[in-house]
1. Counting just the residues of region 52-96 that are among the β-branched types (Val, Ile, Thr) and open to solvent by less than 60 Å² (accessible area, probe 1.4 Å), which one comes out nearest to the chain's Cα centre (by Cα)?
2. Give the residues of region 72-91 that are farther than 22 Å from Ala141 by Cα and not in a strand (DSSP E or B), sorted by residue number.
3. I'm trying to understand the selection: among the residues of region 97-134, which are open to solvent by less than 60 Å² (accessible area, probe 1.4 Å), modelled with pLDDT of 90 or more and part of a loop (DSSP other than H, G, I, E, B)?
4. Which numbered condition in (1) farther than 30 Å from Asp134 by Cβ; (2) among the acidic types (Asp, Glu); (3) in a loop (DSSP other than H, G, I, E, B) is the only one that Glu51 fails?
5. Condition first: exposed (fewer than 14 other Cβ atoms within 10 Å of the Cβ), touching a residue at least 12 places away in the same chain (Cβ under 8 Å), part of a helix (DSSP H, G or I) and not polar (S, T, N, Q). Can you find one or more residues in region 23-46 that meet it?
6. Need the failing condition index for Tyr8 against (1) touching a helix residue (DSSP H, G or I) at 6+ places or on another chain (Cβ under 8 Å); (2) under 15 Å from Asp87 (Cβ atoms), just the number.
7. If Val140 satisfies every condition in (1) β-branched (Val, Ile, Thr); (2) touching a Lys or Arg at 6+ places or on another chain (Cβ under 8 Å); (3) open to solvent by 30 Å² or more (accessible area, probe 1.4 Å) but one, which is the exception?
Amino acid sequence: MKVARKGYGFVHVEGDSREVVFVPRREMAGALHEDLVAVRVTIEKADGRLEGCVEKILERANRAVLGIFTPEPEGASSRSGWVRPLDQRLLLRIRAKGPEPLPAGTVVEVAIERFSEFGPTAEGRVSHVIGPIDDPRNDVAIACRKHGLSADFPAAVEAENQGGHKHVSFL
């Protein structure tokens, strides 16, 4: 399933990549972007377009989510709080516990342990703390985690870098 930021989705029918079923937001049944779902076609329009509803979520695609942590109201920093995903197509609120108290605005990766059956919420634990959302030094770490890349360089590259910096001019 592909989900738009406004909450509606499109499902490509297995075996026929040209056939697509539009799923309105109210018919998503908790499905998220990239989930594998079973849909039921409810309307076939005169022009051949299909509209339907999610019948069942067959496989969850998002078991780890990057997001912004907001602590529970009991204090400015707390181990428990809510995480809002950075990917706006994931219309989900995640209740998460961190390994330590975290301030509001901290970017974290959450390992989702349970999805709710009753709405767009989930529960999980903070598996990695990146840092403040407003710190531009965290942009590379966010991009690496989002795309499954390593931020570490091989030992040979690090060793060569120890030789000093060479000036490069851009003309």
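The values are calculated or read from the model by the stated rules, or taken from the named source; none is laboratory data. No experiment lies behind these values; they were computed from the predicted model shown. Heads up, the Cβs are rebuilt from the backbone with ideal geometry, glycines too, and the neighbour counts pull from every protein chain shown. Only protein heavy atoms, including side chains, enter the accessible area calculation; ligands, DNA and RNA are left aside. Shrake-Rupley method; radii C 1.70, N 1.55, O 1.52, S 1.80 Å.
1. Looking at the filtered set, the residue picked out is Val65.
2. If the condition is that a residue be farther than 22 Å from Ala141 by Cα and not in a strand (DSSP E or B), then Glu72, Pro73, Glu74, Gly75, Ala76, Leu91 are the ones that fit.
3. Passing the criteria: only Gly105.
4. (3)
5. So far as region 23-46 goes, yes, one or more of its residues are exposed (fewer than 14 other Cβ atoms within 10 Å of the Cβ), touching a residue at least 12 places away in the same chain (Cβ under 8 Å), part of a helix (DSSP H, G or I) and not polar (S, T, N, Q).
6. Only one criterion in (1) touching a helix residue (DSSP H, G or I) at 6+ places or on another chain (Cβ under 8 Å); (2) under 15 Å from Asp87 (Cβ atoms) is unmet by Tyr8, namely (2).
7. The failed condition is (2).
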